[in-house]
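Structure first, then comments.
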Amino acid sequence: MDERLMSLSFSVEANRGVYALLLGSGISYSAGIPTGWGVLKELCRRIMLLHGAEEPDGIKWYEKKFGKAPLYDEVIGMLAKTSSERNGLLKEFFEPTEKDLEENRKLPTEAHRAIAELVKQGYIKVVVTTNFDRLLEQALDEVNVQYQTLYHDLDIEGMKPLAHADCTVLKIHGDYRDTRFKNISDELENYSEPLTVLLKRVFDEYGLIISGWSAEWDTALRDTIKSVKGRRYSWYWHSFSNEVGEKAQEIIKFRDASVIIDSAGADHFFRELSENVISISKVKKVNLDNLQVKLKRLKGYIANKNEIEIREMITDETVKLVEYINKINTREEISKEYLEQKVEEIKEKSKQLSILLSILSYYVKTTEQEQLLIETLERLTAINKHDGIVLLLNLQQIPLQIALYSIGISLVKSGNYNLLDRTFKLPRVRDRIKNRLDFLSFTSPSRGLHGLLDYIKSERGFFLPMEEVLIYPYMKEIFIEGQLMFDDQEYTIYYDTFEFLRCIKSRYLDSRGYFSGRFGFKDDRNHLIQFLIDGYSNESWDVLEVCGGDKEKFIEALKHLVEDLNSQSRFSGFGLLEAYINGENKF
C-alpha cells in the first residue's frame with residue numbers, strides 16, 4: 001500500500017472533520033457521466049448540425065461561427081428556451097435510462113459511496129466539486145446523511161456555518177437541475193465575491209484531498225487556491241498516473257501537496273481510504289475498551305497496594321512499546337509522509353503506557369510505586385540504534401518524552417513536587433553512547449525531536465515543534481481520556497506549570513537542555529503568574545523542592561529563565577520574576 005495513502009488515512013482518522021474534498025469529473029468517470037467540457041462539446045456539435053455544418057470539432061466550429069468561446073449558459077440557451085426545456089435537455093447526460101440502470105451506469109460509484117461513508121462517520125464535512133451531476137448527493141441520501149448543497153450565491157447567503165452543518169456540498173459550477181448555470185470555459189477567470197470568500201475559507205481552514213480534477217481548465221479555481229497563503233493542514237493530490245499536468249504541478253508545488261498515485265482510479269482510492277480510516281478507528285476502539293479495563297484494575301491495585309501486579313502491568317506495556325521501537329528500520333527511505341505515519345504509530349503504541357503512568361503518578365502511594373516510575377523512564381532511555389538516517393533515529397526519543405510528560409503533569413496536578421524533583425534528576429541514562437548526560441540534558445528536544453517535527457511540519461514554522469506538533473495535543477487527549485483533567489483549560493494550566501518547572505530545574509542544575517515550554521511565547525500566562533504569586537505569599541512553598549528547598553536558588557533559576565526568554569525573538573519572560581519576588585501581576 002502507498003505509504004502516503006496510509007499517512008493520509010491515519011491523519012483523517014486522527015483529525016475528524018479537518019479534511020475537505022475537492023472533486024472533479026474523474027470521480028464520476030466510471031459511472032459514465034460526461035465531464036462539463038464533454039457536455040459542452042456535444043451541445044456545440046448539435047448547434048453545428050442545426051446550422052447545416054459538419055466539422056470534426058464542434059468547439060472550434062462554434063468559435064469560428066460566433067467569434068468567441070462557447071459559454072455553457074449561452075449554448076444551452078440556443079437549444080432550450082424555457083427552464084423545463086433546459087432541464088430536459090440535460091437529463092440525458094446525467095440521469096440513467098432503463099438501459100443505463102441495467103448496465104449500472106449513471107449511478108453512484110464506489111468512490112461516491114466511500115465518500116458518503118466517511119461523511120456519515122464525521123471524518124469529512126465539506127466537499128467542493130466541479131461536477132454537475134447529483135451522484136454524491138444520491139450516495140449521501142442512501143446512508144441518511146443530512147447535507148446542504150450550495151449551487152449559487154443566494155444559497156451561500158443562507159447557508160449554515162460549515163462547522164454546524166453535518167455536510168456541505170459546494171458545487172462551484174452549478175447543478176444540472178438548477179437553471180442558474182455557471183460558465184465552465186477556461187476563459188472564466190474569477191468567481192463571484194461570495195463564492196470566492198467561501199472557497200478561500202475552505203482552502204485556508206481545512207486540509208484538502210483532491211481527486212478527479214486536472215486543474216487544466218479551471219483558471220478561477222486555480223487562482224483562488226493560489227491566493228490563500230495559510231498552511232494549517234496538509235494537502236493530498238490523488239493522481240491516476242505518474243504524469244501530472246503542468247497546471248496541477250504548479251498547485252502541488254505551491255501547496256507542498258503530497259501526490260498519491262493510484263492508477264486503479266477514484267473508486268479504488270476512496271474505497272481504500274475509507275476502509276483504512278474505519279479499520280484504524282476500530283483498532284483504537286478495541287484498544288480503548290481494553291484500556292478502560294486496565295485502568296480499573298490499576299486503580300484497584302494502587303488502592304490495595306498490590307505492588308507485584310502494578311509492576312507487571314507497567315512493565316508489560318513498556319516491553320511491548322520498546323519492542324515496537326526496536327523494530328523500526330532506521331535505514332528506510334524517508335519522506336514527510338512516512339515520518340508522519342511513524343509518529344502516528346508511535347503515539348498509538350505509547351497510549352496505553354502513557355495513561356497508565358499518568359494514573360499511577362497521580363495516585364502513587366508507596367516507595368515501590370515511585371521507584372517503578374523512575375525505572376520506567378530509565379528503561380526508555382535505552383536507545384538501541386545509533387546507525388541510520390538521523391530523522392528515523394530520532395523517532396526513538398518519542399516514547400521517553402511521552403512518559404516524562406505523563407508522569408510530570410500528573411505530579412504537578414497532585415502537588416507531589418518532591419517526586420517531581422526526583423523524576424527530573426534520578427533516572428540514569430542507559431543509552432550506551434549518551435550515558436554521560438544527565439537525564440534533563442538527555443531529554444532535551446533539541447537533541448533531535450525539534451528537528452524531526454519541524455521537518456514533518458516545515459510549512460508551519462513552529463517555535464517549539466516538539467511541544468506544539470506532538471506533545472501538547474497528544475497529552476491533552478491522554479489526560480482527558482484518563483479523566484485526570486476536566487477540560488482543556490484545566491489541562492493547559494498543569495501542562496504549562498510542568499514545562500515551567502522543567503525550565504526552572506534545568507537552570508538550577510545548570511543544564512541548558514530545555515530552553516522553554518509553550519508558556520514562553522504565549523500571551524495568556526495568567527495561570528503561571530498566579531502560581532508564582534501564590535509562592536510569594538507561602539514561606540513553605542512545596543514547589544521549592546525542585547531547587548533543593550532553597551528560595552534563593554529558585555529566584556536565581558527564575559532570573560536565568562527570564563533572561564533566556566527575553567534574549568530570543570518572540571519569547572518573553574515578562575511578569576514572571578515580579579510575580580514571585582514582589583507578588584505583582586504585571587499583566
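The values are calculated or read from the model by the stated rules, or taken from the named source; none is laboratory data. All values derive from a computational prediction rather than experimental measurement. Note that we place each Cβ from the backbone using ideal geometry, even for glycine, and neighbour counts take in every protein chain shown. Only protein heavy atoms, including side chains, enter the accessible area calculation; ligands, DNA and RNA are left aside. Shrake-Rupley method; radii C 1.70, N 1.55, O 1.52, S 1.80 Å.
Hey, got a sec? Which trypsin sites (Lys or Arg not before Pro) in the range 431-473 land in a DSSP loop and have at most 16 other Cβ atoms within 10 Å? Intermediate values should be presented prior to the final figure.
Values: sites: Arg432, Lys434, Arg436, Arg447, Lys457, Arg460; in loops: Arg432, Lys434, Arg436, Lys457, Arg460.
Qualifying residues, ordered by number: Arg432, Lys434, Arg436, Arg460.
Please list the equivalent ellipsoid semi-axes of the range 37-100, computed as the square roots of five times the alpha-carbon gyration tensor eigenvalues, in descending order and whole angstrom.
Semi-axes (√(5λ), whole Å): 22, 14, 10.
For the range 37-100, report the accessible area per residue in Å² (1.4 Å probe, heavy atoms, rounded to an integer).
57 Å²
Distance between Cα centroids, the range 505-532 to the range 136-154: provide it in whole Å.
49 Å
For the range 392-509, report the accessible area per residue in Å² (1.4 Å probe, heavy atoms, rounded to an integer).
Working: 4070 Å² over 118 residues.
Heavy-atom SASA per residue in the range 392-509 reads 35 Å².
How much accessible surface does Ile383 have with a 1.4 Å probe, in Å² rounded to 10?
About 20 Å², rounded to the nearest 10.
Starting from one equal scatterer on each C-alpha and no solvent at all, send me the Debye-based log10 I(q)/I(0) for the range 230-284 at q = 0.12, 0.24, 0.25 Å⁻¹, two decimals.
-0.36, -0.97, -0.99
For the Cα atoms of the chain, what angle does the longest principal axis make with the long axis of helix 336-363, in degrees from 0 to 90, nearest 10?
40 degrees
Run the count for the range 414-572, please: Lys pairs, Cα-Cα under 28 angstrom, 8 or more apart or on different chains.
Total qualifying Lys-Lys pairs in the range 414-572 comes to 21.
Peptides 211-221, 128-138: what's the order by average Cβ count within 10 Å, highest mean first?
128-138, 211-221
Taking the Cα atoms of the range 103-226, what is the range of coordinates along each of the three principal axes, in descending order and whole Å?
Each principal axis gives a Cα extent; for the range 103-226 these are 37, 36, 27 Å.
Starting from the range 529-583, pick out the chymotrypsin sites (Phe, Trp or Tyr not before Pro) whose DSSP state is loop and whose Cβ has at most 16 other Cβ atoms within 10 Å. It would help to have the intermediate numbers written out before the result.
Values: sites: Phe531, Tyr536, Trp541, Phe554, Phe571, Phe574, Tyr580; in loops: Trp541, Phe571, Phe574.
Listed in order of number, the matching sites are Phe574.
With all protein chains present, how much of the accessible area of the chain (probe radius 1.4 Å) comes from carbon and sulfur, to the nearest whole percent?
46 percent
Which of the peptides 476-483, 192-199, 395-402 is most tightly packed, and how do the rest follow, going by the mean number of other Cβ atoms within 10 Å of each residue?
395-402, 476-483, 192-199
Just the number, please: Stokes-Einstein D of the range 393-471 in µm²/s, Kirkwood Rh from C-alpha pairs, 10 °C, 1.306 mPa s.
So the translational diffusion coefficient is about 116 µm²/s.
Dipole magnitude of the chain about its Cα centre, charges +1 at Lys/Arg Cβ and -1 at Asp/Glu Cβ only, in debye to the nearest 20?
The calculated dipole for the chain is roughly 1020 debye.
Just to verify a number: what accessible area does Asp262 come out at with the full protein assembly present, 1.4 Å probe, Å² rounded to tens?
20 Å²
What translational diffusion coefficient, to the nearest whole µm²/s, does the chain have by Stokes-Einstein, given a Kirkwood radius computed over alpha-carbon pairs, a temperature of 20 °C and 1.002 mPa s viscosity?
Answer from the Stokes-Einstein relation: 78 µm²/s.
Within the range 1-80, report the trypsin sites (Lys or Arg not before Pro) that DSSP leaves as loop and that have at most 13 other Cβ atoms within 10 Å. Intermediate values should be presented prior to the final figure.
Working: sites: Arg4, Arg16, Lys41, Arg45, Arg46, Lys60, Lys64, Lys65, Lys68; in loops: Arg16, Lys68.
Within the range 1-80, the qualifying trypsin sites (Lys or Arg not before Pro) (loop, at most 13 other Cβ atoms within 10 Å) are Lys68.
Which value, in Å to one decimal place, does the Kirkwood hydrodynamic radius take for the range 336-473 when every pair of different Cα atoms is included?
One over the average 1/r among Cα pairs gives 15.6 Å for the range 336-473.
Could you put Met6, Met466 in order of accessible surface area, largest first, with the 1.4 Å probe and the full protein assembly present?
Numbers: Met6 45, Met466 0 Å².
Putting Met6, Met466 in descending order of accessible area: Met6, Met466.
Before rounding to the nearest 500, sum -39500 (n - 2.57) across all DSSP H runs of length at least 4 in the chain and divide by the residue total; then give [θ] at 222 nm in deg cm²/dmol. Walk me through the numbers before you get to the answer.
On the way: 26 runs with 324 residues, N = 587.
Computed mean residue ellipticity for the chain: -17500 deg cm²/dmol.
May I ask you to give the solvent-accessible area per residue for the range 260-344, in square angstrom, as obtained with a 1.4 angstrom probe?
Per-residue value: 52 Å².
Could you tell me the convex hull volume per residue, in Å³, taken over the Cα atoms of the range 290-582?
Enclosed volume per residue, from the Cα hull, is 128 Å³.
Give the distance, in whole Å, between the Cα centre of the range 255-322 and the Cα centre of the range 187-254.
Here the two parts' Cα centres lie 34 Å apart.
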